[in-house]
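Derivation of every value follows stated rules applied to the coordinates shown; laboratory data play no part. Computed from a predicted structure; not experimentally measured. Cβ coordinates were reconstructed from backbone atoms using ideal geometry, including for glycine residues, and neighbour counts include every protein chain displayed.
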Amino acid sequence: MLTQGDKAPEFSLPDQDGNTVSLSDFRGRKVLVYFYPKADTPGCTTQACGLRDILGEIGDTAVVGISPDAPAKQKRFDEKYGLGFPLLSDADHAVAEAYGAWGEKKNYGRTYMGVIRSAFLVDEEGNLAEVWPKITPKDTPKKLLAALGS
């Protein structure tokens, strides 16, 4: 698992509009990189809408969501809720694995591999300023605001 102070793993993934977005695109500003299991499900919607609702309070800090969903599904999710930030498609979950956000999950007695909801605040130099493994949807915006001193 990554820890505070580690270099954030670089990535380049397609967003909901088919553009390639890289972590290095945000160098010089803070960025919240968060991993969520599936677009347009209750927890993921709560998390994304909570982040959308605080965009005006976080200055030039960027928000980037990452899930295994295809770009077309991410696009529908963005349009349905007017999210207004990049949603990246990590179809092979390689980026989630690099961040430690992919692993064994249990639900209703079933064990399977999937995205572990996690969030990472990356500083202006590309290092991890904050690491929140197994974060709840409602805590994501609160923790971001607290970390930014907003």
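Scanning segment 134-150 for residues that are surrounded by 17 or more Cβ atoms within 10 Å (Cβ to Cβ) and not in a helix (DSSP H, G or I) yields a count of 2. Residue selection: ALA39 satisfies the criterion of being without any contact (Cβ under 8 Å) to a residue 60 or more places away in the chain and over 23 Å from GLY126 (Cα atoms).
Only one entry in GLY59, GLY50 is touching a residue at least 12 places away in the same chain (Cβ under 8 Å) and on the phi > 0 side of the Ramachandran plot, namely GLY59. Of all residues in segment 84-98, those being more than 16 Å from ASP25 (Cβ to Cβ) and surrounded by fewer than 20 Cβ atoms within 10 Å (Cβ to Cβ) number 7.
Within segment 87-126, being basic (Lys, Arg) and free of Cβ contacts under 8 Å to residues at least 40 places away in the same chain holds for LYS105, LYS106, ARG110.
In segment 99-121, of all residues being among the aliphatic types (A, V, I, L, M), within 14 Å of the chain's Cα centre (by Cα) and part of a strand (DSSP E or B), the one that is nearest to LYS30 (Cα to Cα) corresponds to LEU121.
Residues in segment 90-131 that are closer than 30 Å to GLY149 by Cα and polar (S, T, N, Q): SER118, ASN127.
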